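Inspection log for the structure reproduced underneath, given as structure tokens.
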């Protein structure tokens, strides 16, 4: 049955006219400032903030859920409700049930797949990737629902405190960080919008025409960025 199988916050200082147009278009759909780091520090330092925060998540199940949300650019609900059949380890894609019943496929980093496999071995649930634990933190194998939204949010908030991150941030900040990292690495804006599942009427037709070969460059970049999770 099984299955299983970003550069920093802030915009680049120097970009050509096309990149500037992409930046302006992208900012219409994302926050104007990054909540983890409002200063324009180095790419290495900024990415390390994300890595360090994820490492501070106490429970393994929450850490892998949040890591998957970051490394695949997911919304909180999209991440916590992932199912076993959503993993396409042959093509290394993740099936995402998006907002408004708009399904999409996003690149699945090899490291994320490894972590998901490790987590699955702890519960062997037939359906959910992140089953809700019962009383005492047990009973995941027979859970009838996924991790609650609140438990993931609390786990992230506690990790921020442990990592001594005092700026305002939420689980959704991980998704914005992912998008910013990819854009700064040169991934085409249309690819990023497709991965994020943004419903932009002007570009919807372009998204539906994206093919696996078109996603290959982005997939290679994502694998490099997420290798040290």
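Brief remarks follow.
- Hey, residue 100 on the phi > 0 side of the Ramachandran plot, touching a helix residue (DSSP H, G or I) at 6+ places or on another chain (Cβ under 6 Å) and modelled with pLDDT of 50 or more or not: no
- Residue in segment 66-81 that is in contact with a strand residue (DSSP E or B) (Cβ under 7 Å, 6 or more places away or on another chain) and part of a strand (DSSP E or B) present: no
- If the condition is being surrounded by fewer than 18 Cβ atoms within 10 Å (Cβ to Cβ) and at pLDDT 85 or above, then segment 166-195 contributes 166, 167, 168, 170, 172.
- Selection of segment 91-118 for residues being surrounded by 17 or more Cβ atoms within 10 Å (Cβ to Cβ) and part of a strand (DSSP E or B) yields 93, 94, 96, 104, 105, 106, 107.
- There is at least one residue in segment 145-163 that is exposed (fewer than 15 other Cβ atoms within 10 Å of the Cβ), under 19 Å from residue 97 (Cβ atoms) and out of contact with any helix residue (DSSP H, G or I) (no Cβ under 7 Å at 6 or more places or on another chain).
- For segment 119-130, a residue qualifies if it is within 18 Å of the chain's Cα centre (by Cα) and assigned to a helix (DSSP H, G or I), and exactly one does: 119.
- If you go through segment 45-57 and keep only what is surrounded by fewer than 22 Cβ atoms within 10 Å (Cβ to Cβ) and either modelled with pLDDT under 95 or closer than 13 Å to residue 82 by Cα (or both), you end up with 45, 47, 48, 49, 51, 52.
The values are calculated or read from the model by the stated rules, or taken from the named source; none is laboratory data. Bear in mind that the values here come from a model prediction, so they are computed numbers and not experimental data. Cβ atoms come from the backbone with ideal geometry, glycine included; neighbour counts cover every protein chain shown.
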